[in-house]
Amino acid sequence: TAVIEAMRAKKADGMLVGPFAYVLAVQEAQAEAMAIYIGGESSETKYNPDAPTHYYSVIFTKKGSGIATLADLKGKDFSFVDPASTSGHLAPKTLLIKNEINPDSDMKTVFAGSHPTSVLSVWSDKVPAGATFENNLYTLANEGQIEFCGFPDGKIAVKRSAEEIKAVYDACPDGQIVIIAYSEEIPSTPFAVRSDLPESFKKAVKDALLAIKDNADLVSAVHGWYVDPSESLGLDRLDQYYNSLRDIAKLLNLDLKELAK
């Protein structure tokens, strides 16, 4: 909220904020997305031209809970992450509503407080199902905190068909965590500047961000790089990539100002 207010007051020229905060910044501070940040996890990060510019929220259960589909969630306890979490609440709530399930009346929901806790709540049988971002499940499994039936290719940010999800579910042994549904794509974090700044400045910023990928030492130093997928997605401008979040806000009747607090 402070960063958005600083940009609105023209005391900040650029920002790196989460996707929903960016949507609010466009509304309140005339922010304009320049590029999307693709982050790594360590100083060994290397540029990967195939890295996705989006991620997914997933709804998962523990095999043997009796839950195999979204319809099975009705009347069940369910763990979200945090009211303001995109992948831990807003995106999965949208998924449920679009599948004619009202989390406020058809389920008994709780907020776990963090993504790992949401998963561990299901793992420890405190609740039968929950939501998190996809990669969190793979991370917790790699750390030995859960047993997880992931997809055989081990890839994340790949849209899975209903048939693929069912095949993994059916092959998963009882007692292991398994995914039952994916949200729609969630755009990754953008770097934005004030739209009223000179075009020459905005071009310089964008060119500098997009050039990071060509410098291996710099990629390692900042643990990532920036891309602009607008052309490949058929978009006139990068801001349009975030329209899916505006759709979520409209569907859920969200007050973005309250969400950003």
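Residues checked against (1) in a loop (DSSP other than H, G, I, E, B); (2) surrounded by 15 or more Cβ atoms within 10 Å (Cβ to Cβ); (3) of a type outside the set (Phe, Trp, Tyr); (4) within 17 Å of the chain's Cα centre (by Cα):
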{"position": "132", "(1), (2), (3), (4)": "no, yes, yes, yes"}
{"position": "136", "(1), (2), (3), (4)": "no, yes, yes, yes"}
{"position": "145", "(1), (2), (3), (4)": "yes, no, yes, no"}
{"position": "152", "(1), (2), (3), (4)": "yes, no, yes, no"}
{"position": "155", "(1), (2), (3), (4)": "yes, no, yes, yes"}
{"position": "159", "(1), (2), (3), (4)": "yes, no, yes, yes"}
{"position": "166", "(1), (2), (3), (4)": "no, no, yes, no"}
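Within the set 202, 159, 155, the sole residue that is modelled with pLDDT of 95 or more and either of a type in the set (Val, Ile, Thr) or closer than 25 Å to residue 37 by Cβ (or both) turns out to be 202.
Here's the yes/no breakdown for (1) in a loop (DSSP other than H, G, I, E, B); (2) at pLDDT 90 or above; (3) not β-branched (Val, Ile, Thr):
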| site | (1), (2), (3) |
| --- | --- |
| 23 | no, yes, no |
| 26 | no, yes, no |
| 43 | yes, no, yes |
| 46 | yes, yes, yes |
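The requirement of being over 30 Å from residue 213 (Cβ atoms) and either of a type outside the set (Gly, Ala, Ser) or not in a loop (DSSP other than H, G, I, E, B) (or both) is not satisfied by residue 50. When residues in segment 54-110 are screened for being under 19 Å from residue 244 (Cβ atoms), hydroxyl-bearing (Ser, Thr, Tyr), open to solvent by less than 40 Å² (accessible area, probe 1.4 Å) and touching a strand residue (DSSP E or B) at 6+ places or on another chain (Cβ under 8 Å), 4 of them pass. For segment 9-24, the set of residues classified as out of contact with any strand residue (DSSP E or B) (no Cβ under 9 Å at 6 or more places or on another chain) and more than 15 Å from residue 85 (Cα to Cα) consists of 9, 11, listed by residue number. Would you say residue 16 is open to solvent by 50 Å² or more (accessible area, probe 1.4 Å) and either farther than 16 Å from residue 224 by Cβ or aliphatic (A, V, I, L, M) (or both)? In short, yes.
Can you tell me which of 247, 239, 217 is assigned to a helix (DSSP H, G or I) and over 18 Å from the mean Cα position of the chain (by Cα)?
Every option except 217 fails the conditions.
Selection over segment 81-101 of residues that are under 16 Å from residue 136 (Cβ atoms) and outside any helix (DSSP H, G or I) gives a count of 3. Scanning for something among the charged types (D, E, K, R), open to solvent by 70 Å² or more (accessible area, probe 1.4 Å), within 30 Å of residue 68 (Cα to Cα) and in a helix (DSSP H, G or I), does segment 191-205 turn up at least one residue? No: segment 191-205 contains no residue that is among the charged types (D, E, K, R), open to solvent by 70 Å² or more (accessible area, probe 1.4 Å), within 30 Å of residue 68 (Cα to Cα) and in a helix (DSSP H, G or I).
The values are calculated or read from the model by the stated rules, or taken from the named source; none is laboratory data. Remember, it's a predicted structure, so these values are computed and weren't measured experimentally. Please note: Cβ atoms are built from the backbone with ideal geometry, for glycine as well, and neighbour counts cover all protein chains shown. All accessible areas refer to the heavy atoms of the entire protein, side chains included, with ligands and DNA or RNA removed. Shrake-Rupley method; radii C 1.70, N 1.55, O 1.52, S 1.80 Å.
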